[in-house]
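Engineer: Take a look at this one; I'll ask things after.
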Amino acid sequence: MSTEASLTALERSVFYRGLAEAFRSPSGGTNVLDESWIPAPSPNAKTEFLEAFEPSVSKTACSLYESAHSSRDQTALFEELIRWYDHFGLQRKAKAELPDHISVELEFMHFLCYREHLSEGDEAALGALRRAQKDFLNNHLHPLSISILGYSQSFANRFKVLCGNCEQFLREHTLVLDNG
Amino acid sequence: MSKGVTRRSFLKAGALTAASLAMPNFLARSGGSLQALAAEAPPDFNSALDVYRKAWTWDKTVRGTHMINCWYQAHCAFDVYVKDGIVFREEQAAEYQQLNPDVPDMNPRGCQKGCSFSHRMYEHNRIKHPMRRAGGRGSGKWEQVSWDDALNAIADAFIDTMIEEGTDRVIWDLGPDINIGAANAAQARLAQLTHSICLDSNSSNGDGHRGAFETFGNVYIERSLEDYFYSDVIIIWGANPIFTSIPNAHFFTEARYNGTEIVCIAPDYSASATKADLWVPVKPGTDAALALAICWQIVEGGHVNEAFVSEQSDLPLLVRTDTGKFLTEKDVDGGLESSFYMAASGGELREVDRKDLDLDGFTPDLEAAFEVPLEDGTKVQVRTVFSLLKERLSAYTPEAASEMCGTSPGLIRRLSKMVIEAKALSNVSGSSMNKYFHGNLTERAMILIWVLLGQMGRKGAGYSAFGFLANDGWEDYVSGLRMKDRFTFGTEIGLDLVWDWMKGETSEQFFKKLSTSQFIDPGGNLPVWTSSALFWHVHGGVAELAEQADQWVPNLKKPVKEALHESLEQKWLPLQPPADKTPRIMFHYCSNPLRSVRGSQKLLEVLWPKLKLSVAIDFRMSSTALQADYVLPAAAWYEVTDHKWVTPLVPYNHVTNKAVEPLGEAKPDFWIFTMLAKHMEARAKARGLDFVESHLGKEIRLANLYQDMTMDGRFGEDDGDAAAGAILEQSSNLSHVSWEEQKETGFVRYDGIGLSPLSIGNAGELKEGEPFIPLTYHIDDKQPYPTQTRRIQFYLDHPLYLEHDEHLPRFKAPPSIGGDYPLTMTGGHTRWSVHSVWRDNALMQRLNRGQPYIVVGQKDAEARSIADGDWVRCYNDVGEFFVRAKVITGAMPGQTIMYHSWENYQFAGSGDARSVSPSPINPVELAGDHAHLKIGMLEGQPGCFDRDTRIEIEKISPEDRARLGKG
Amino acid sequence: MTSKRQVAMVIDLNKCIGCQTCTIACKTQWTNREGMEGMWWNTVSTAPGEGTPKGWEKMGGGFRKGKAQPGKLPKQGEFGTAWNFNTDAALFQGDTHNTLGPITGDPDWGTNWDEDVGGGEYPNSFQFYIPRICNHCTKPACMEACPRGAIFKREEDGIVVINEDHCRGFRFCQEACPYKEIYYNTVTGVSQKCIMCAPRLEEGVPTACSRQCPGRVRFLGFLDDEDGPIHKLVYKYKVALALHPEYETEPNVFYIPPLAPPSFDEEGNPIDEDRIPLDYLESLFGKEVGPAVELLKAEKAKKKAGGESDLMDTLIARNWMDMFGPFTTNPKDVARTLEQRVQNRQG
């Protein structure tokens, strides 16, 4: 176990934001996450990103959509995720990514952690938010990150490291929630 | 886990102090700020079940349809259910009004594919961003680029190619999304303004209905579905509507209950045959023998409708027995070569009126044979077409025909009796016959049945060929002019047309000529079209595969290659760019030639290396997009507002409304083409370039391109909706309902066939409460047909037809294309996809077999020790592919069926279903320099023939199967 | 125990074109949740054939002379697996070793595996399509077999429903149902089946399989509605017959038996013998099928001769809405409430 237990909700929220950005675009996340955690984008980052994450064009790519990693019906998964987001007051923007993209799910966790941060002291609220985080991680985000990690050996360094660190970060957060 | 990854030191300095919400994908549903939402007390949460407690309500339902050419079954109005900017489901609107109490209504139009497009549009091969190739073609190395970068690069290459090599080196390859709406009006307008070349895909699809074209001078002949309810015999021939016309099929099953006899003629006991009252098995590609046997029964039994054939057809016309040519006025007194003769009994010549079919009481002698003195003083023996035909038909007794087509004499007689006794005889048309090498002969023989009996132009009676019904404002939009004004501009074509007009020619001929002029008009201002079959054969290298055609096709008068060369030399068929010039840029607009072209394996080898740029514009990654240089993401059909042409079968214009925003950076087609013009204008200006000269010698106003494209800013890149409306508002056959109203209802019944060169051939009235009956302008109003003789024409005195003994309908044995192998590989459209759009959709696959398969009959399977589900190798002299065998009871011995449109990447191993189909061109289809055998939109071009493909199949071992890899 | 009224369906096999739009309509509306991916509450099979689940007609169940008969529990794979495709690995790659196909390898069974395979021997091959849903029987064998009392027949419309809160997933119902129309959800551990689109019917909307059927195959309504087409077809003309009536469950889904083109003698000449053997039809629909087929042929002949036939006109259903009895609402007009009810059921 790491120093994770000592991370504040706000810090975790920032991590989630960085992760979401890193999976959204080739050089994303760099304004939030240190280079010791995620390597700086190489000059070929744009191509490397597609090679890693755009299965419709790349031999070795892995989809970032949960529905590609699940035997569940995609529409049903969309519905479930939209219900999750809606439950916490969120509505999908018209031009948003699809709800099962890992960056959207990370963004949702970013929001829940931020909300946890604002709920300091309200034990009922903290309980609800942590149960939600745990359930969401267990049923959606963490299995997705594990599946993506399985493809990552051939990825360029930045994205290989990203997938590994992302999975570990989610695993550690899950453990904290389990122990909490 | 050695070391935690979640130390705060991994966060950048400052990231924390500035920490706030950064959420590009979400809003607060309440309308407030996300910050305020986060500060609220959160809802309770115990388990995921909690998120299911709240009622699920739709944000809206939106009227939509699918902008795909599913042709005979097009189209269907749907309600699209939207939540949070995502389409979750769709269900048929089903609001079509019953035409009259005699006939069923059209509800609820839709099929399993349309009912699951919402699933299709979010599948993982959806393209969401512009991409540029970052490695070799097909290497799978790409980089995401901005629209600006992509369009600038494409614009530069476009301009360079125009300057360096010519505007005709830029090719628009048009796929099944052509909608005759705003989307492809923008494409066509850009092509017209830049004089770049559009491929007419009908020819390489093999949908040409060549026989109808040869006979009527026109392929666009189709009725409305309701009209089938007035038929008492319906023949399904060369079609399988139970697979391919799902929303239409109830008209046939219900007509059967109404007392109509349904006949299905097909080698296999097809899904359509199961719905018939009589199934007539016939060997693949031999239908002409069967049709001619019926014709002989009609003639021999004295059932010819003499009044009809005398008035409407060329059967009474006189032919010189020495040259085989029609006797013309030029022969007789030095007059016009386009003036022909009939004879009164006793041998008196009567000139044929070119402007009017009405014989004014004159009864021609159908059997006349006599000598005629010519202008040069010689005499020549002449005979009527009918007498020549009769002589030829006598070779098709039921017994003789049975030898050719395998149908028993007893069955031929029974079918003939049904046909002869029918009060109203109709057919269900498909595009199967055109895919046989001698399909033109077959279709001519089929049409002869209807014409001999006069079963045309009445309710429930008539021959259907090819359906097309569109608005007629589209051409106007594309050209930026009113079509009717065009000839007053004094261009070459204009003067020619004025002359025709003065000669009393019909508006049908006038507009069909405009269609031809899109291919050959050097003086007009139209987009330049070219035949896709010719293009792929010549520029794509497919012709190389067909070099052995002389061995496959018996009695070819000259090698296919030589015939092709001759036709190009003679300019019988125009090819753009010409054979000695090289295509440089290809835009694949939702087209997929690397899957669809027969013999497509040649394209990558021959054509692709010549291309400086290949751009795929699509919403999904196709076999072709994988080999492109740029991939541009197009909006899916629920993400744009536009409208879509249909066929007379379902004479309702259909509209799709934008239900959700395009996914990712996808853009409507209209936006993409307009923006390309904008970028081209900007790049040209930056180079100080005002104009370039086109291959037609015209000025291409590059510095004004965007201005011209948008009609001086009236229709900018974001005005696709307004452009779609403008097209309808200037359409004579759709302007009776406002665009706003059409968007709301999603469909509107046409009130006329209009003046589009593609619809006008239907030549009939759309009347309220009445089914649509084609060709009544000719049959009731006695207007001449757009043929050489101005009549329905069975005799073709073009030298190529005389040389091949195809001047009259006849039977020719099917060739063995691909080599001397025992099995014929027929095909057909599948129930499970329209083109390849749904072929790899998981829902469809789960109701199928999940992998490509070839259909084999029991006996052929047993003879090869093949069991259902076994892996087999299918091969001939040209290629091979591997699939699983599906053994059925209904396939004719010797027949296999490869239902179409599997993507290349669904085949295990290297080949695909096209690898064994070299598809040589039939030389007679290269004819030109003729009054009606000439090129036009979707007609008059050589076809592609895969149904005569011969193969052998053999079981492969599990080890060999394993070596093929997944699939 | 008996219901006050019974919703019933008549499926016309002469109009069914095997397009599976009903299957897709049902799938996308009801069986896309977790654990339901492999369920097809509505199937269309080619007959003769193994059907779905594979070989279901040989699995027993139902009653004989009022006594419950033993039945076999279908194996999960016999319903057909919802294959997942290696879309990510394949499209993707242009590499022949990653051809797009089911991840689990070459399949050897699927819910529509026997499509268009048929029976007989060419040219006397024969086949027709047969759609199936839960028959919402008057004497449901599943209901009697359930030790939890979790299956009940709704009083207002006779729809047979499983109360998922009471179900413990014992699957006796699956064994007992002679039509094998009950599925087991391995994720939630309960049995599930066609609910006759009860939430739609409650809003006056026809079932998805009926309303979305482009072949206009399915009549829907109350069995006792004497003016409705169902009563006419089942009782007056006796042309709509239950499938496998020998199981004595009294199904409330009825079939118009299929006609076919004439068969051929050895020379290939058409003969008057039926292409679909009568004994095969009798094995499906019982002895009443012969007279039903004869009546259909006779009425069609009457129409051909220019006469009138109420039976033929009923089957044609020129006005589509006439097929659905009281269920005439367009779902888009009640889209909100419709979905709410779906959620009540799920919750």
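Engineer: Would you confirm whether any residue within region A:144-161 is away from chain C (no Cβ under 14 Å), among the aromatic types (Phe, Trp, Tyr) and farther than 30 Å from B:Lys667 by Cβ?
Structural biologist: No, there is no match, as no residue in region A:144-161 is away from chain C (no Cβ under 14 Å), among the aromatic types (Phe, Trp, Tyr) and farther than 30 Å from B:Lys667 by Cβ.
Engineer: Here is a list: A:Leu118, A:Leu90, A:Leu126, A:Leu98. Which entry is more than 7 Å from every other protein chain (Cβ to nearest Cβ) and either at negative phi or touching an Asp or Glu at 6+ places or on another chain (Cβ under 6 Å) (or both)? So that I can check it myself, show each step before the final result.
Structural biologist: Numbers: A:Leu118 fails: more than 7 Å from every other protein chain (Cβ to nearest Cβ); A:Leu90 fails: more than 7 Å from every other protein chain (Cβ to nearest Cβ); A:Leu98 fails: more than 7 Å from every other protein chain (Cβ to nearest Cβ).
A:Leu126 is the lone residue from the list that is more than 7 Å from every other protein chain (Cβ to nearest Cβ) and either at negative phi or touching an Asp or Glu at 6+ places or on another chain (Cβ under 6 Å) (or both).
Engineer: Please go through region B:601-622 and give me each residue that is basic (Lys, Arg) and touching a Lys or Arg at 6+ places or on another chain (Cβ under 8 Å), ordered by number. Before you say what the answer is, go through the steps one by one.
Structural biologist: Within region B:601-622, the subset basic (Lys, Arg) is B:602, B:610, B:612, B:620.
Residues satisfying the conditions are B:Lys610, B:Lys612, B:Arg620.
Engineer: Please state which of the following conditions B:Asp50 fails to meet, knowing it meets all the rest: (1) within 11 Å of chain A (Cβ to nearest Cβ); (2) modelled with pLDDT of 95 or more.
Structural biologist: Unmet for B:Asp50, out of (1) within 11 Å of chain A (Cβ to nearest Cβ); (2) modelled with pLDDT of 95 or more: (2).
Engineer: Does region B:671-696 hold any residues that are out of contact with any strand residue (DSSP E or B) (no Cβ under 6 Å at 6 or more places or on another chain) and without any contact (Cβ under 8 Å) to a residue 24 or more places away in the chain, and which are they?
Structural biologist: B:Lys685, B:Ala686, B:Gly688, B:Asp690, B:Glu693
Engineer: Go over the candidates A:Leu112, A:Leu81, A:Leu137, A:Leu106 one by one and state the one that is closer than 16 Å to B:Arg53 by Cα and more than 7 Å from every other protein chain (Cβ to nearest Cβ).
Structural biologist: Working: A:Leu112 fails: closer than 16 Å to B:Arg53 by Cα; A:Leu137 fails: closer than 16 Å to B:Arg53 by Cα; A:Leu106 fails: closer than 16 Å to B:Arg53 by Cα.
Unique residue meeting the criteria: A:Leu81.
Engineer: A further question on this structure: So, restricting to helices (runs of 4 or more DSSP H) that lie completely within region A:42-128, which ones have at least 3 residues that are closer than 28 Å to B:Arg89 by Cβ and modelled with pLDDT of 95 or more?
Structural biologist: Values: elements: A:45-53, A:74-87, A:102-118.
Output list reads A:74-87, A:102-118.
Engineer: Return the total of residues in region B:623-658 being under 15 Å from B:Phe468 (Cβ atoms), of a type in the set (A, V, I, L, M) and not in a loop (DSSP other than H, G, I, E, B).
Structural biologist: 1
Engineer: Could you tell me how many of the residues in region A:132-159 are in contact (Cβ under 8 Å) with a residue 12 or more places away in the chain, farther than 19 Å from A:Ala68 by Cα and assigned to a helix (DSSP H, G or I)?
Structural biologist: Final tally of qualifying residues: 5.
Engineer: On the given criteria, is B:Tyr257 modelled with pLDDT of 95 or more, under 28 Å from the mean Cα position of the chain (by Cα) and within 8 Å of chain C (Cβ to nearest Cβ)? Reasoning before the result, please.
Structural biologist: Working: modelled with pLDDT of 95 or more: yes; under 28 Å from the mean Cα position of the chain (by Cα): no; within 8 Å of chain C (Cβ to nearest Cβ): yes.
In short, no.
Engineer: Now, a different point. Would you tally the residues in region C:43-59 being in contact with a strand residue (DSSP E or B) (Cβ under 7 Å, 6 or more places away or on another chain) and farther than 14 Å from C:Glu181 by Cβ? Show your work before the answer.
Structural biologist: Filtering region C:43-59 down to residues in contact with a strand residue (DSSP E or B) (Cβ under 7 Å, 6 or more places away or on another chain) leaves C:43-48, C:51-52, C:59.
In the following step, the residues that additionally are farther than 14 Å from C:Glu181 by Cβ were identified as C:46-48.
Count: 3.
Engineer: Can you tell me which residues in region C:254-271 are closer than 18 Å to C:Gln127 by Cα, of a type outside the set (A, V, I, L, M) and either within 13 Å of chain B (Cβ to nearest Cβ) or not in a loop (DSSP other than H, G, I, E, B) (or both)?
Structural biologist: C:Tyr255, C:Pro258, C:Pro261, C:Pro262, C:Ser263, C:Phe264, C:Pro270
Engineer: Could I ask something else about it? Take the conditions more than 30 Å from B:Cys874 (Cβ to Cβ), assigned to a helix (DSSP H, G or I) and not assigned by TED's automatic domain parsing to the domain that holds B:Ile672 and apply them to B:Lys743. Does it pass?
Structural biologist: Working: more than 30 Å from B:Cys874 (Cβ to Cβ): yes; assigned to a helix (DSSP H, G or I): yes; not assigned by TED's automatic domain parsing to the domain that holds B:Ile672: yes.
So B:Lys743 passes the test.
Engineer: Would you confirm whether or not region B:272-284 contains a residue that is surrounded by 24 or more Cβ atoms within 10 Å (Cβ to Cβ), more than 14 Å from chain C (Cβ to nearest Cβ) and small (Gly, Ala, Ser)?
Structural biologist: no
Engineer: Being touching a strand residue (DSSP E or B) at 6+ places or on another chain (Cβ under 7 Å), in a helix (DSSP H, G or I) and of a type in the set (D, E, K, R) is the filter here; which residues of region B:139-174 pass it?
Structural biologist: Scanning region B:139-174 gives B:Asp168, B:Arg169.
Engineer: What pairs come out if I take residues in region C:237-266 that are modelled with pLDDT under 95 and pair them with residues that are buried (at least 19 other Cβ atoms within 10 Å of the Cβ) whose C-beta lies under 9 Å away, six or more apart or interchain?
Structural biologist: Filtered contacts from region C:237-266: no entries.
Engineer: OK, next. If we scan region B:41-53, do we find a residue that is in contact (Cβ under 8 Å) with a residue 60 or more places away in the chain and either assigned to a strand (DSSP E or B) or not acidic (Asp, Glu) (or both)?
Structural biologist: Within region B:41-53, the first condition is being in contact (Cβ under 8 Å) with a residue 60 or more places away in the chain, and the residues that meet it are none.
No: region B:41-53 contains no residue that is in contact (Cβ under 8 Å) with a residue 60 or more places away in the chain and either assigned to a strand (DSSP E or B) or not acidic (Asp, Glu) (or both).
Engineer: How many residues does region B:28-47 hold that are among the aliphatic types (A, V, I, L, M) and either more than 7 Å from chain A (Cβ to nearest Cβ) or surrounded by fewer than 16 Cβ atoms within 10 Å (Cβ to Cβ) (or both)? Before you say what the answer is, go through the steps one by one.
Structural biologist: Here is the first cut: in region B:28-47, the residues among the aliphatic types (A, V, I, L, M) are B:28, B:34, B:36-39, B:41.
Checking which are either more than 7 Å from chain A (Cβ to nearest Cβ) or surrounded by fewer than 16 Cβ atoms within 10 Å (Cβ to Cβ) (or both) leaves us with B:34, B:36, B:39, B:41.
So the answer is 4.
Engineer: Being facing chain B (nearest Cβ under 8 Å), farther than 25 Å from B:Arg63 by Cα and either hydrophobic (A, V, I, L, M, F, W, C) or in contact with a strand residue (DSSP E or B) (Cβ under 6 Å, 6 or more places away or on another chain) (or both) is the filter here, so list the residues in region C:302-338 that pass it.
Structural biologist: C:Ala305, C:Met312, C:Leu315, C:Ile316, C:Ala317
Engineer: Starting from residues that are under 19 Å from B:Ala266 (Cα atoms) and part of a loop (DSSP other than H, G, I, E, B), keep the ones in region B:823-854 and report whichever is nearest to the other protein chains (Cβ to nearest Cβ). Show your work before the answer.
Structural biologist: Step one: filter region B:823-854 for residues under 19 Å from B:Ala266 (Cα atoms), giving B:823-831, B:854.
Add one more test, that the residue is part of a loop (DSSP other than H, G, I, E, B), and what stays is B:829-831.
Values: B:His829: 13, B:Thr830: 11, B:Arg831: 6 Å.
The selected residue is B:Arg831.
Engineer: In the list B:Leu389, B:Leu374, which residue meets the criterion of being within 18 Å of B:Gln793 (Cα to Cα) and not β-branched (Val, Ile, Thr)?
Structural biologist: Details: B:Leu374 fails: within 18 Å of B:Gln793 (Cα to Cα).
Result: B:Leu389 is the single residue among B:Leu389, B:Leu374 that is within 18 Å of B:Gln793 (Cα to Cα) and not β-branched (Val, Ile, Thr).
Engineer: Looking at this structure, is B:Ile178 assigned by TED's automatic domain parsing to the domain that holds B:Ser731, within 16 Å of the chain's Cα centre (by Cα) and either farther than 23 Å from B:Pro648 by Cβ or surrounded by fewer than 24 Cβ atoms within 10 Å (Cβ to Cβ) (or both)? Give the steps one after another, and end with the answer.
Structural biologist: Details: assigned by TED's automatic domain parsing to the domain that holds B:Ser731: yes; within 16 Å of the chain's Cα centre (by Cα): yes; either farther than 23 Å from B:Pro648 by Cβ or surrounded by fewer than 24 Cβ atoms within 10 Å (Cβ to Cβ) (or both): yes.
Judged against the criteria, B:Ile178 is a match.
Engineer: Also, I was wondering about something else. Can you pull out every residue in region B:9-27 that is more than 7 Å from chain A (Cβ to nearest Cβ) and within 25 Å of A:Glu123 (Cβ to Cβ)?
Structural biologist: Once the filter is applied, which keeps residues that are more than 7 Å from chain A (Cβ to nearest Cβ) and within 25 Å of A:Glu123 (Cβ to Cβ), region B:9-27 yields only B:Ser20.
Engineer: Would you point out the residue of region B:105-159, among those that are without any contact (Cβ under 8 Å) to a residue 12 or more places away in the chain, out of contact with any Asp or Glu (no Cβ under 8 Å at 6 or more places or on another chain) and within 14 Å of chain A (Cβ to nearest Cβ), that is nearest to C:Cys26 (Cα to Cα)?
Structural biologist: B:Ser139
Engineer: Now a separate question. With respect to the numbered conditions (1) under 19 Å from A:Gly150 (Cα atoms); (2) out of contact with any Ser or Thr (no Cβ under 8 Å at 6 or more places or on another chain); (3) within 7 Å of another protein chain (Cβ to nearest Cβ), which one is the sole condition not fulfilled by A:Lys46?
Structural biologist: (1)
Engineer: Out of curiosity, is A:Glu54 within 20 Å of A:Gln133 (Cβ to Cβ) and facing chain C (nearest Cβ under 9 Å)?
Structural biologist: Working: within 20 Å of A:Gln133 (Cβ to Cβ): no; facing chain C (nearest Cβ under 9 Å): yes.
It is false that A:Glu54 is within 20 Å of A:Gln133 (Cβ to Cβ) and facing chain C (nearest Cβ under 9 Å).
The values are calculated or read from the model by the stated rules, or taken from the named source; none is laboratory data. Here the structure is a predicted model, which is why all the values come from computation and not from measurement. In this analysis, Cβ positions are derived from the backbone assuming ideal geometry, glycine residues included, and neighbour counts consider all displayed protein chains.
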